[in-house]
Amino acid sequence: MELIKQNQRLLILALLLLLDPLDLLDHLNQLLLLVVLLKDRQNKTHQRDHLLNR
């Protein structure tokens, strides 16, 4: 079982290396942007709830 996990990791790494590094950076940037937007939305919802609960 552990061997399969290691093989999966190696396969994923190999696939990532085959991709264009610029594409990879682009994908990472998009993910980061998504995370930031989600966090921002969470914060706003939290602030609104806080104001409503006063």
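Quote the charge dipole size of the chain about the Cα centre in Debye, to the nearest 20; the model charges only the Cβ of Lys and Arg (+1) and of Asp and Glu (-1).
Working: 7 positive and 6 negative charges, 92 e Å.
I would put it at about 440 debye.
Compute the angle between helix 2-18 and the longest alpha-carbon principal axis of the chain, please, reported from 0 to 90 degrees and rounded to the nearest 10. Long axis of 2-18 versus the principal axis of the chain: about 90 degrees. Using only Cα atoms and rounding to the nearest 10 degrees, what angle (0 to 90) does helix 21-52 make with the longest principal axis of the chain? Tilt of helix 21-52: around 20 degrees.
Find, to one decimal place in angstroms, the Kirkwood hydrodynamic radius of the chain, where the mean of 1/r is taken over every pair of different Cα atoms and then inverted.
When all Cα pairs of the chain are included, the Kirkwood radius is 14.4 Å.
Quick note: the coordinates plus some simple rules give every number you see, no bench work behind them. As the structure is a prediction and not an experimental result, all values here were calculated from the model. Neighbour counts are summed over all protein chains in view; Cβ atoms, including those assigned to glycine, are modelled from backbone coordinates with ideal geometry.
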